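The structure under discussion appears below in the form of structure tokens.
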Amino acid sequence: MFGIGASPKKDSCLIFDIGSGSIGAGLVDMTGSAPNVVWCNRQSFPPQVPEHLEFNRFMQGMLGTLQTLCESVQKEGLSKVPGRSLGKIYLIFASPWYISQTTVLKFQHEKSVSVEPYFSEIKKMLEQKEAALAGATPGGSKALVIEKQIIEARLNGYPTAHPHGKAAHSFEAAVLTSMLGMELYQQTAAIVHKTFGRNPSSLHSFALVSFATIRDIFAPEENFLLVDIGSEVTDIGVVRDDVLVDTISFPSGKNFILRAVAAALGITPQEAQSRIELYRSGKSEAGESKKVVAALLAVEKEWQGAFEKAAGELTKTTTLPTALFLTADQDLGEWFRVALLEGNAKNLSETGQALSVVLLTPEHFAKYITFAPTVLPDPFIALEALFAQRIDQTLIVD
């Protein structure tokens with residue numbers, strides 16, 4: 001695992017956070033003791049109802065927004081970077097753009113032996129895993145491996161960050177494999193190359209980014225849930241003994257809430273968002289507030305049911321912790337936090353106790369990262385900048 005606050009990378013980097021309804025771009029100065037986000041922008045792209053998702057159309061909407069953001073970086077952002085010198089370019093993909101799976105491999109031997117031969121066996125097993133995952137990759141059967149990363153290694157039952165060259169009688173490795181549609185990669189890379197004269201330096205899944213960063217920041221927690229609520233998709237990840245052991249997604253994110261409220265009130269989703277904001281800020285009149293509350297209560301129960309159904313699938317292979325870390329857009333993040341607290345997911349946990357839900361905000365990262373005075377803090381960019389700071393320290397299966 002990597003360490004927050006360890007020796008920083010001495011350059012600046014560009015991060016694109018590619019979600020299911022918006023893209024964030026952040027320019028991060030890595031030359032100080034902590035990453036400093038000097039410029040940040042987030043733009044939405046046209047929504048599509050997940051039940052009737054046309055992937056190619058959805059992808060084109062995302063690519064158009066990526067192109068617009070690249071131009072904004074070039075015109076507005078680079079002047080904020082010290083020396084206008086740009087280092088690595090990271091593309092971080094959230095659901096539904098990628099597919100990933102964790103494989104836990106265990107090796108036993110009667111006597112202590114070198115673990116080096118096991119890495120060859122791991123590679124063979126992962127090749128079989130990649131072939132199986134390729135067919136399920138969104139956007140077609142041709143796929144690109146973007147991650148093949150050891151997220152936990154144990155020698156004789158003890159975790160180690162550097163297993164190479166060591167000997168043990170038992171070796172356990174948890175490897176996260178993530179794949180991206182080849183067409184999606186080629187088109188995103190072409191947009192980046194057209195603007196900056198080079199391809200992206202590094203591609204990652206938000207599942208790995210959030211897991212690795214949150215595990216480091218909240219080190220005492222070894223068992224927890226990761227919930228990422230995007231515009232169209234909600235992801236649930238289970239971390240057990242510091243390993244991301246399983247993930248599942250369901251097609252109900254923030255826009256699901258906005259569409260349901262809009263339908264109940266006979267307005268557009270954009271108007272629904274405005275009315276929800278007025279109600280939650282205490283500025284709507286009494287009659288309007290009652291209508292918004294009724295619509296939100298109805299959709300809350302529906303979303304809770306979808307969450308509990310997905311979480312129930314996870315309980316078929318593992319038990320669920322009660323500690324939960326939540327990432328969501330700030331406008332409805334607190335609403336989702338309360339919805340999780342008030343739901344029945346506790347009935348699925350290993351203890352039956354109520355969930356402990358932490359909504360991650362920029363304040364949680366204040367010790368490790370800074371934002372320039374004119375930059376609106378973005379919790380997703382913050383997570384990804386911390387990951388980028390130490391990414392070269394992580395273990396990769398070559």
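The values are calculated or read from the model by the stated rules, or taken from the named source; none is laboratory data. Predicted model, so just to flag it, every value in this text is computed and none were measured. Neighbour counts are summed over all protein chains in view; Cβ atoms, including those assigned to glycine, are modelled from backbone coordinates with ideal geometry.
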Within the stretch 291-312, can one find any residue that is surrounded by 15 or more Cβ atoms within 10 Å (Cβ to Cβ), assigned by TED's automatic domain parsing to the domain that holds residue 244, in contact (Cβ under 8 Å) with a residue 60 or more places away in the chain and out of contact with any helix residue (DSSP H, G or I) (no Cβ under 9 Å at 6 or more places or on another chain)?
-> yes
Where residues in the stretch 109-136 are among the hydroxyl-bearing types (Ser, Thr, Tyr) and not in a helix (DSSP H, G or I), which of them is farthest from residue 175 (Cα to Cα)?
-> 112
Scanning the stretch 371-383 for residues that are touching a strand residue (DSSP E or B) at 6+ places or on another chain (Cβ under 6 Å) and assigned to a loop (DSSP other than H, G, I, E, B), the one surrounded by the fewest Cβ atoms within 10 Å (Cβ to Cβ) turns out to be 372
Which condition breaks for residue 351 when tested against (1) more than 29 Å from residue 280 (Cα to Cα); (2) within 21 Å of the chain's Cα centre (by Cα); (3) of a type in the set (Val, Ile, Thr)?
-> (2)
The strands (runs of 3 or more DSSP E) lying entirely within the stretch 137-207 that contain at least 3 residues which are in contact with a Ser or Thr (Cβ under 8 Å, 6 or more places away or on another chain) and in the same structural domain as residue 114 (by TED's automatic domain parsing) are 143-155, 167-181
Among the residues of the stretch 114-159, write down those that are of a type in the set (A, V, I, L, M, F, W, C), more than 20 Å from the chain's Cα centre (by Cα) and over 30 Å from residue 58 (Cα atoms).
-> 115, 119, 122, 125, 126, 153, 155
Could we say that residue 336 is of a type outside the set (Val, Ile, Thr) and outside the structural domain of residue 20 (by TED's automatic domain parsing) here?
-> yes
Of the numbered conditions (1) of a type outside the set (Lys, Arg); (2) modelled with pLDDT of 90 or more; (3) part of a strand (DSSP E or B), residue 95 fails exactly one; give the number of that condition.
-> (3)
May I ask you to list the residues in the stretch 135-192 that are without any contact (Cβ under 8 Å) to a residue 40 or more places away in the chain, over 26 Å from residue 215 (Cβ atoms) and of a type in the set (Ser, Thr, Tyr)?
-> 141
Of all helices (runs of 4 or more DSSP H) fully inside the stretch 253-370, the set with 3 or more residues that are over 18 Å from residue 237 (Cβ atoms) and of a type in the set (S, T, N, Q) is 269-280
The stretch 40-72: number of residues that are assigned to a loop (DSSP other than H, G, I, E, B), at pLDDT below 80 and not acidic (Asp, Glu) = 4
Exactly one of 74, 67 is closer than 20 Å to residue 21 by Cβ and either assigned by TED's automatic domain parsing to the domain that holds residue 384 or among the β-branched types (Val, Ile, Thr) (or both), and that one is 67
Does residue 210 satisfy being of a type in the set (Ser, Thr, Tyr), touching a residue at least 12 places away in the same chain (Cβ under 8 Å) and not in a helix (DSSP H, G or I)?
-> no
Selection over the stretch 324-347 where residues are surrounded by fewer than 19 Cβ atoms within 10 Å (Cβ to Cβ) and over 20 Å from residue 299 (Cα atoms) yields a count of 1
Considering the stretch 185-238 alone, what residues qualify as being closer than 16 Å to residue 152 by Cα and crowded, with 22+ Cβ neighbours inside 10 Å?
-> 207, 208, 209, 210, 211, 212, 213, 214, 215, 224, 237, 238
Sole residue being within 24 Å of residue 226 (Cβ to Cβ), outside any loop (DSSP other than H, G, I, E, B) and small (Gly, Ala, Ser), chosen from 25, 34 = 25
On the given criteria, is residue 92 surrounded by 22 or more Cβ atoms within 10 Å (Cβ to Cβ) and out of contact with any His (no Cβ under 9 Å at 6 or more places or on another chain)?
-> no
